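The structure appears below as structure tokens.
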Amino acid sequence: MEKIISSPRGTSDILPEEVLGWQFVEKAARRQFLYYGYREIRTPLFEETELFARSVGQTSDIVQKQMLNLAAQGAGSDADDMKNSLLSLRPEGTASIVRSYIQNNLDKKERLSKWFYIGPMFRGERPQKGRLRQFHQIGVEAIGPDSGSPYLDAEVIGLSVCILRESGVDDFNLKLNTLGTLEDKENFSKYLRSVLSSRLDALCPDCRNRYERNVFRVLDCKNKSCKEVVKDLQLDYSYLSETSRNYYESVKAALDSLGIVYQEDPRLVRGLDYYTHTVFELSCSRLGSQDALGAGGRYNHLVKELGGPDVGAIGFALGMERMLLAKAEDATLKSSPVQVYVVALDEKFFPRAFQLLQFLRKKEISADINFSSSGLKSQMRQANKSGAGFVAMIGEEEFIQGKVTLKNMADGSQEQILLDEAEKIIKIVKEPESPRAREFEKL
Ligand code: HAM
């Protein structure tokens, strides 16, 4: 027996019966992007590894343990030049967006670039429910000289909340914190080191390492004894400068004015290095250990650190797999969008049925047919399974009289229509009162 090849661990197929749910979420997000004035950007799925090391951070888990690198193989192949560069699949979107912003001189073209992206990201993590090696994000980045307003922070956070709600995810919490400027962050890390120095023994080996290299990481370690230590820490905002404190107060006031509910969490630091000032996380406790639906924050120095102009930025990314896990089931999205199922009661009627099928599709009616010749019963079963609102049947009598019988599957009523007047079918199927037509409109 031949070996069956499965998809690589940590990846999954999105089967047609699931795709409607994905499209629903995407469509909800795209609608909000239009209202909020964010435009789509598409960047490559792989980049120079150095881009991620310099943005996400050398000491981050992503760069340390999770990068999926590309290997160029085969002497004399067209990809020979790749041997001299280290390339990785993108673990997130922000670094690529900033790279593109710089490369395309966007600061000279507009004061504020408001961009969004939807697509796959790749991290070599240990897979579990809600944690994959290929997963999908809906993300937003607002970058430019005019990005320094606390109202923009509120807009971006508000947009993330709005996309979750419009996608059917209602049950989530928003956590908020500020890290302040680079200087404030430095003060915060000094403070953390000083309070943790007497508890080093209680930290896991990873965190003892992190204590030296990036002490913030200790705050979101999942290890039980580290969590205990972190729980006892007295954290206030004493490390913040007055300007940073005022900025944070303005962000909170703007969120309050939008009626957005949040919990302040001084322990929220995020696992990526580039953040300054506002950071936030959206979580859903029902999801278990992988409960983060999305997260984001400001990164006022990243553009400059990657060789670009000195402009600020803020953004977020939502994990689509987790959004779908947290979303209430919507039964109508499970059904296929067939409006009319065409049935030929004998092979000799098939050419006419096939013509009718094409006619319906040209008129923007979704229609399908059974390609194997089978009896009425089995074809009606198929029609039922397809969820079609109507069945258009051609049997002996219809064939001779140049007609079709149109059956309404909701109430069982049927009428004969001359094929010369097939436009009538369109009118009936598109009738706005038909529940099927309404459902179709949703897609
Ligand atoms: P992140 O927190 O690394 O941030 O990821 C954002 C979201 O992506 C997570 O909250 C989660 O829902 C989802 N996610 C991350 N890793 C996985 C995984 N292995 N499997 C399934 N879902 C996952 C970022 O990526 C930043 N770029 C966000 C950002 C944009 N900050 C500023 N702009």
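The values are calculated or read from the model by the stated rules, or taken from the named source; none is laboratory data. Since the model is a prediction, treat every value here as computed from it, not as a measurement. Cβ atoms come from the backbone with ideal geometry, glycine included; neighbour counts cover every protein chain shown. To get the accessible areas, we keep the full protein, side chains included, count just its heavy atoms, and leave off ligands, DNA and RNA. Shrake-Rupley method; radii C 1.70, N 1.55, O 1.52, S 1.80 Å.
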So Arg210, is it closer than 17 Å to Leu179 by Cβ, open to solvent by 20 Å² or more (accessible area, probe 1.4 Å), within 33 Å of the chain's Cα centre (by Cα) and touching a residue at least 60 places away in the same chain (Cβ under 8 Å): yes
The stretch 188-203, subset charged (D, E, K, R) and within 23 Å of Ser241 (Cβ to Cβ), residue surrounded by the most Cβ atoms within 10 Å (Cβ to Cβ): Arg193
Among residues of the stretch 85-105, those that are within 22 Å of Gln66 (Cβ to Cβ) and not in a helix (DSSP H, G or I), counted: 9
Residue within the stretch 238-248 that is open to solvent by 50 Å² or more (accessible area, probe 1.4 Å), of a type outside the set (S, T, N, Q), within 15 Å of the ligand (Cβ to nearest atom) and at pLDDT 95 or above present: no
So Lys185, is it within 26 Å of Cys226 (Cα to Cα) and exposed (fewer than 15 other Cβ atoms within 10 Å of the Cβ): no
The stretch 64-76, subset at pLDDT 90 or above and either part of a loop (DSSP other than H, G, I, E, B) or open to solvent by 30 Å² or more (accessible area, probe 1.4 Å) (or both), residue nearest to Leu302 (Cα to Cα): Met67
Among residues of the stretch 90-126, those that are more than 10 Å from the ligand (Cβ to nearest atom), under 17 Å from the mean Cα position of the chain (by Cα) and among the hydrophobic types (A, V, I, L, M, F, W, C), counted: 3
Candidates Ala326, Ala317 - the one that is open to solvent by 10 Å² or more (accessible area, probe 1.4 Å), within 16 Å of the ligand (Cβ to nearest atom) and within 20 Å of Ala28 (Cβ to Cβ): Ala317
Failed criterion for Tyr274 (all others in (1) more than 9 Å from the ligand (Cβ to nearest atom); (2) in a loop (DSSP other than H, G, I, E, B); (3) open to solvent by less than 40 Å² (accessible area, probe 1.4 Å) hold): (1)
Unique match (being over 20 Å from Ser100 (Cβ atoms), open to solvent by less than 60 Å² (accessible area, probe 1.4 Å), at pLDDT below 95 and not charged (D, E, K, R)) among Gly21, Gly57, Gly10: Gly21
Residues of the stretch 127-161 satisfying the condition of being away from the ligand (no atom under 11 Å from the Cβ) and open to solvent by 30 Å² or more (accessible area, probe 1.4 Å): Pro145, Asp146, Gly148, Ser149, Tyr151, Glu155
Checklist (1) surrounded by fewer than 17 Cβ atoms within 10 Å (Cβ to Cβ); (2) away from the ligand (no atom under 16 Å from the Cβ); (3) not in a helix (DSSP H, G or I) applied to Arg267, failing item: (2)
Qualifying residue in the stretch 36-44 (condition: open to solvent by less than 30 Å² (accessible area, probe 1.4 Å), outside any helix (DSSP H, G or I) and at pLDDT below 95): no
Strands (runs of 3 or more DSSP E) fully within the stretch 302-394 counting 2 or more residues that are small (Gly, Ala, Ser) and under 30 Å from Ser167 (Cα atoms): 312-319
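Conditions (1) in a strand (DSSP E or B); (2) within 30 Å of Gly144 (Cα to Cα), marked per residue:
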site: Glu2; (1), (2): no, no
site: Glu26; (1), (2): no, yes
site: Arg30; (1), (2): no, yes
site: Glu47; (1), (2): yes, yes
site: Phe52; (1), (2): no, yes
site: Ile62; (1), (2): no, yes
site: Asp78; (1), (2): no, no
site: Lys83; (1), (2): no, no
Within the stretch 220-254, considering residues that are of a type in the set (A, V, I, L, M, F, W, C) and part of a helix (DSSP H, G or I), the one nearest to Asp61 (Cα to Cα): Cys226
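Residue-by-condition table, conditions (1) within 16 Å of the ligand (Cβ to nearest atom); (2) surrounded by 23 or more Cβ atoms within 10 Å (Cβ to Cβ); (3) modelled with pLDDT of 95 or more:
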| residue | (1), (2), (3) |
| --- | --- |
| Ser289 | yes, no, no |
| Ala292 | yes, no, yes |
| Ala295 | yes, no, yes |
| Val303 | yes, yes, yes |
| Asp310 | no, no, yes |
| Arg361 | no, no, yes |
| Phe371 | no, no, no |
Among the residues listed as Gly375, Gly412, Gly402, the single one being over 29 Å from Trp22 (Cα atoms) and at pLDDT 95 or above: Gly402
Selection within the stretch 341-359 - touching a helix residue (DSSP H, G or I) at 6+ places or on another chain (Cβ under 9 Å) and open to solvent by 20 Å² or more (accessible area, probe 1.4 Å): Leu345, Asp346, Lys348, Arg352, Gln355, Phe359
Subset of the stretch 162-172 that is out of contact with any Phe, Trp or Tyr (no Cβ under 8 Å at 6 or more places or on another chain) and over 18 Å from Ala142 (Cβ atoms) - its residue that is most open to solvent (accessible area, probe 1.4 Å): Arg165
Condition met for Arg90 (crowded, with 18+ Cβ neighbours inside 10 Å and among the basic types (Lys, Arg)): yes
